[in-house]
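One structure is given below, encoded as C-alpha cells.
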Amino acid sequence: VRALANKNLKGFYPTLRMVAERLKRRWEDMADREEAVDIQSELMRFTVDVTMLLAFDYDTNTLEKGEDVIQRHIEVIFPELARRLSSMFPYWRYVKLPRDKRLEAANDAIREFLAPIIDKTREELEERPELADKPRNFLEAMLSGRDQNGEPFPEDRIYANAMTMLLAGEDTTANTLAW
C-alpha cells in the first residue's frame, strides 16, 4: 500500500508523459497519412507500454516499434478467461479444445516473454542487494519479498503475479480510456 502513496505516484509522471508523447506522435503520423485510428487497440498499446515500464522497468515501446507480441497473446487470454468464468463446468481440466490449447499457448508465450525480464531483475538484485530495501518497481518488490515463513516467493507465484499485473494494468485501463 505504501507503494501507492502520493509521493511515489508522482514519480510515475515522467514515464506516463514519455509514453503519452509516443502515442501523440503515433496518432499525428496516422493523421498525416489519413489513416483511421483504432482507439481501443492504440490505448491497449499505450497501457502495455506504461505497465511494462512502471511494473517491470522494461520498455516494450509497442507504440513506436510496432511489435506487439504481448497484445496478440492478451487478445487470446481475455475472452477465454471471461468464457471460463461464466462456464458451468470446467471441462478444460479434462478435455482440451483448440481454444483451450490457444489459451495455454498464449499464457506460455507471455511467460517466455517475461522470463528474461524476471531473470535480469533477479541478477540486478543480487548485484545490488540494497534494492531489496527500496525496490524501484513491482517486480523488484516481488522478487525481494518474502512469504510469512521468510522464504522467497515460489516461481509460479512470481509469474502469476507478474501476469496479473500485466493483464490487469493493460485491459481495464485501456477500456476505461477508450470508453
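Each reported figure results from applying straightforward, stated rules to the coordinates on display, with no laboratory input. Everything quoted here is computed from the prediction, not taken from an experiment. Here the Cβ is made from the backbone with ideal geometry for all residues, glycine too, and neighbour counts use every protein chain on show.
For the stretch 6-146, with only Lys/Arg (+1) and Asp/Glu (-1) charged at the beta-carbon, what is the dipole magnitude about the Cα centre, in debye rounded to 20?
That gives the stretch 6-146 a dipole magnitude of about 660 debye.
Which three lengths, in whole Å and largest first, does the stretch 42-133 cover when its Cα atoms are put on their principal axes?
Cα spread of the stretch 42-133 along its principal axes, largest to smallest: 48, 31, 19 Å.
What's the Cα-based Rg to Rh of the chain, Rh via Kirkwood?
Checking Rg against Rh, the ratio lands at 1.00.
Compute the relative contact order of the chain as a whole-number percentage, counting only Cα pairs closer than 8 Å that sit 6 or more residues apart in sequence.
Here the relative contact order equals 27 percent.
Which one of F46, Y94, I70 has its Cα pushed farthest toward the positive end of the charge dipole of the chain, where Lys and Arg give +1 and Asp and Glu give -1 at the Cβ?
Result: Y94.
Can you give the translational diffusion coefficient of the stretch 85-179 in µm²/s, computed by Stokes-Einstein from the Kirkwood radius over Cα pairs at 37 °C and 0.692 mPa s?
208 µm²/s
Using helices alone, what [θ] at 222 nm do you get for the chain, with -39,500 (n - 2.57) per DSSP H run of 4 or more residues, divided over all residues and rounded to the nearest 500?
-23000 deg cm²/dmol
Under a crude label model (7 Å from the Cα following the beta-carbon direction), how far is D147 from L177 in nanometres?
3.6 nm
How much length is gained if the chain between R128 and F78 is pulled fully straight, taking 0.36 nm per residue apart and subtracting their Cα-Cα distance, in nm to one decimal?
14.3 nm
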